[in-house]
């Protein structure tokens with residue numbers, strides 16, 4: 001009986017020691033800075049590669065990829081993608097324990113997003129493709145894109161057999177988010193007018209948005225629609 005109790009205590013102590021080492025590793029990893037976080041793990045095994053289902057029917061959704069480190073720490077990125085026009089709108093850069101990574105993904109699911117598994121190659125191909133599509137219209141990805149893209153490391157997008165289609169009905173469709181101010185909307189409309197050409201892109205004005213100036217719309221086709229309930233910006237999930 002005493003031997004069994006001693007074994008149990010030793011197992012518990014070993015488990016606690018392992019958890020402490022994981023936390024120390026995360027602290028060391030955090031202290032290396034964002035650049036280090038995205039370059040050190042580029043060859044770590046991928047534990048998560050997924051895309052939310054809304055991406056295919058709404059043109060807006062999330063893609064995520066996570067890698068596990070040698071001490072159990074995880075580095076990951078969640079991308080907010082607009083496949084209709086804007087490319088990578090936002091990113092969440094993650095460095096913490098594996099448990100917290102899965103918790104983070106679960107929080108996005110609570111925001112009415114269901115995750116679908118995808119190969120790492122297809123996640124990279126999708127994200128790279130949407131960035132290239134937006135750039136073709138003069139629209140740059142989120143400011144953290146350069147750091148975030150390092151998570152892909154050696155993943156070969158050419159191994160993904162899926163062909164992704166960007167835009168809506170053959171041309172860009174710009175859907176302003178609730179936090180896109182007039183200056184931002186004007187900037188994007190001018191870029192689309194200059195690169196896609198007049199009447200070669202569509203523009204959606206959510207009815208609930210209210211104050212979309214008519215001069216932003218004259219260069220494209222305005223479409224009024226009821227809000228989908230999907231936020232086109234990415235506040236940190238609760």
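Values quoted throughout were computed directly from the atomic coordinates according to the rules given, and no laboratory measurement underlies them. Remember, it's a predicted structure, so these values are computed and weren't measured experimentally. Methodologically, a virtual Cβ is constructed for each residue, glycine included, from the backbone with ideal geometry; neighbour enumeration extends over all protein chains shown.
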For 89, 168, 159, order by how many other beta-carbon atoms lie within 10 Å, fewest first: 159, 168, 89
Going by how many other Cβ atoms sit within 10 Å of their own, how do 115, 101, 56 line up, fewest first? 56, 115, 101
